[in-house]
Structures are given as structure tokens and as C-alpha cells.
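> Have a look at the structure that comes next, please.
The values are calculated or read from the model by the stated rules, or taken from the named source; none is laboratory data. All of these numbers come straight from a predicted model, not from anything done at the bench. For neighbour counting, all protein chains shown are included, and Cβ atoms are generated from backbone atoms with ideal geometry for every residue, glycine included.
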Amino acid sequence: MQDIVTNDACAVPFRDDGLEECAACLMCGSTAAELALSGVGDLYFHADPGSFAIQRCRACGSLWLPLRPVGERLVRAYSGYHTHTEHADPTVAPPAWREWIRAAYYRSLFPGVASPLDRLVGLGLAAIGYDTAGLDKELRFVPPPPAKVLDYGCGGGRFFRQLRGLPFQFYGVEYDPHLLSALADQGVHVEDTATITDERWDSEFDYITLAHVLEHVPDPVALLRRLFGWLKPGGALYVELPNAGATGLAIFGGTWRGLEVPRHFALPTRPALVQALEDAGFVVERQVIDPAARSLLWGESLAAAPEGERTAMQEAIAGAPSETQDNAELLIFIARRPAK
């Protein structure tokens, strides 16, 4: 039988290096683990000079950091982080006409707000065979307005800007004081993760989005349970994060883009995430495979790899299996709080 403990196993016992020890899997609580990777560094943002080990849970297959940053070291790890920029880089911003088509397509999905021109854009994209899967995924499959939508871990507010002009009731939760102020200036009702209480938002929202957040929190299972209580009965949760069972991890190892140490504290496998959602009370309704994830993550992973290892990696890419629900680069689920 596996030794099961709570996530109280993560503590700071007399360390002075800005790290805390975590002896148990953050997804299932098991202490039975094996070393998955060692010597993994912050390859993509270079904000932490450390070298980290990653453990794999023998019970559920999830990954976690046995040593993770806290306090000032954690704050430094997020310096310059991509989700915490307020505005897109104007040098790489898409052309205005493309943004106009994107916005018109979004509106075309909601008959109550779509203009005749918006509907024409939607029909036109379908007529030319344009694959809108990426655009649909950017919307995170939100229900029609005027749904009350919460983006937990909203960063600089990119998701809100995607839906600008649609009559949703937007709310955000964020921890960065600078971003809290900036979002409030944009008219977004935003709360601080450090002060928000469950009593404040009991059965409040039609839809909650949790995109690339769960892997960053010290207790992901507790967060899922909390968000379940914030949803109205019948409301739904969108969750997205890297998959501990991804083919990309098998190919790239420590340079796989989904690891992103030391900011990613834990990554679940598909079965582990489904179990955590169900344990929190959710009914898993749908899994989505992002058609662009492999290209994006594998390209960045290959570029970060040592030059001498790239040929073997390219050969592994050529022979990679098709993407499935279990080996997808990202786990993307829509899970619902039962109506009764």
C-alpha cells in the first residue's frame, strides 16, 4: 500500500536558500516517488539560477518539485514573466485587419450580440474552409453573454481583452499588486488572491477559467475544491495546463517547455487530473486537444536543447505517435458543477 499524506508535507524546515521541501505528490498525496529528471534549470526566463530535480509519483504518475521557491525567491522567479505584461509587444502585434476579423468571428458565435456583418464573417470563414479551432480555444468555450465569468490567475488581462466588446460580466483574481491596479484601471473587477474569501463568492459564477495556473499553486487540489464552491450549480470550469504524460516530455526531457522550473510546482497526468476534478465534485464534460500545442512547445523545446542532442530529438519527433487524450501536450478540460 502507498504511503498517503496531506500536502502539509510541504514545509520550510530551517532552510535559508529560499526553497521549501515538498515530500508528497500534490495531486494524490502519495509519498511513493522516483526521480524523473535532475539538473533542470530555468531555461526560458533565466530568473532563477538554481538547478532542480523533478519527481514522478508512482501512484498517479504526476510530476512535482521536491524543492520549490518561496518568498522573495518565488517573487524573483516571476520577474519578467510573460503573463504579467500588461500589453502585447507592438512589434509582434497582429495586423489590425486580422484582429478585426478575429473579434467579428468571436461575436458571430453569440447570436444575441452578433451583427449581420459579424455573422457574414463567420459564414465566410466556414465557406473558405478556415480552421477556427485555434480561435475557439482562445475563447475557452465560454457560455453566451451575459454570463458571469471569472478568470483565476488573470495576469495582465489578455483573456479579458480577447472578449472585449462582448457583454460578459468579467471578474479576475490575481496576486501581483501592480497588475491588480492596472486591471482595475481597465474596468475589470479584480480581487487579490491573498485576501479573497470563500464567503465573498459562494455559488457566484457561471464560468471560471483556470488557464496555466493550476501548475503554479502550492495546493492544486485545494484550489479545485475552492473554485467548485464559487460556481453556481450547473456552472462550469475550464482548466488548462501541461501534461505530465506528454509525448514532448519523453522526447525533450529537461528542456521540454512544459516543465518551466521552478514556477511549475506540479504537473498531473490525465488520470490524475480527472480524479482530482471528480474528487472536488465536478463532472468532467469534455477534453479538448489544442491543435497548435505540439508545434509551439516542440519548437521552443528543440531550440532550448543542447545542439548535440537536437538530431536525436528531431528523429524522435519524426517518429512520434499521434496526439491522444493521454499523451497530449496540454490537458484541457471543461468540468461542470452538477445542477443539483
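> Does E215 count as charged (D, E, K, R) and crowded, with 22+ Cβ neighbours inside 10 Å?
yes
> Quick check on segment 192-231: of everything there that is at pLDDT 95 or above and among the aromatic types (F, W, Y), which residue is nearest to Y175 (Cα to Cα)?
W230
> Could I ask something else about it? Please count how many residues of segment 98-119 are outside any loop (DSSP other than H, G, I, E, B) and out of contact with any helix residue (DSSP H, G or I) (no Cβ under 8 Å at 6 or more places or on another chain).
Number satisfying all stated conditions: 5.
> Look at segment 241-264 and say how many of its residues are among the hydrophobic types (A, V, I, L, M, F, W, C) and surrounded by fewer than 23 Cβ atoms within 10 Å (Cβ to Cβ).
Matching residues across segment 241-264 total 2.
> Among the listed residues R200, R257, R226, which satisfies the condition of being under 29 Å from G71 (Cα atoms), touching a helix residue (DSSP H, G or I) at 6+ places or on another chain (Cβ under 7 Å) and either assigned by TED's automatic domain parsing to the domain that holds G61 or not aliphatic (A, V, I, L, M) (or both)?
Sole residue among the options that is under 29 Å from G71 (Cα atoms), touching a helix residue (DSSP H, G or I) at 6+ places or on another chain (Cβ under 7 Å) and either assigned by TED's automatic domain parsing to the domain that holds G61 or not aliphatic (A, V, I, L, M) (or both): R257.
> Filter segment 143-163 down to the residues that are assigned to a loop (DSSP other than H, G, I, E, B), under 16 Å from E204 (Cα atoms) and in contact (Cβ under 8 Å) with a residue 60 or more places away in the chain and list them by number.
P143, A147
> Kindly provide the set of residues from segment 255-276 that are farther than 12 Å from Y44 by Cα and not basic (K, R), ordered by number.
Listed by number, the residues that qualify are H264, F265, A266, L267, P268, T269, P271, A272, L273, V274, Q275, A276.
> In segment 162-215, which residues are under 19 Å from L139 (Cβ atoms) and of a type in the set (G, A, S)?
Scanning segment 162-215 gives G165, G172, A211.
> Just a yes or no: is a residue in segment 177-191 under 20 Å from Y106 (Cβ atoms), at pLDDT 85 or above and crowded, with 20+ Cβ neighbours inside 10 Å?
Within segment 177-191, not a single residue is under 20 Å from Y106 (Cβ atoms), at pLDDT 85 or above and crowded, with 20+ Cβ neighbours inside 10 Å.
> Which condition does G234 not pass, out of (1) surrounded by 18 or more Cβ atoms within 10 Å (Cβ to Cβ); (2) on the phi > 0 side of the Ramachandran plot, if it passes all the others?
Only one criterion in (1) surrounded by 18 or more Cβ atoms within 10 Å (Cβ to Cβ); (2) on the phi > 0 side of the Ramachandran plot is unmet by G234, namely (1).
> Also, I was wondering about something else. From the list L125, L74, L43, which residue is among the aliphatic types (A, V, I, L, M), surrounded by 18 or more Cβ atoms within 10 Å (Cβ to Cβ), modelled with pLDDT of 90 or more and touching a helix residue (DSSP H, G or I) at 6+ places or on another chain (Cβ under 9 Å)?
L43
> Something else: Output yes when any residue across segment 133-142 is more than 19 Å from the chain's Cα centre (by Cα), in a loop (DSSP other than H, G, I, E, B) and within 21 Å of Y238 (Cα to Cα), and no when none is.
Scanning segment 133-142, I find no residue that is more than 19 Å from the chain's Cα centre (by Cα), in a loop (DSSP other than H, G, I, E, B) and within 21 Å of Y238 (Cα to Cα), so the answer is no.
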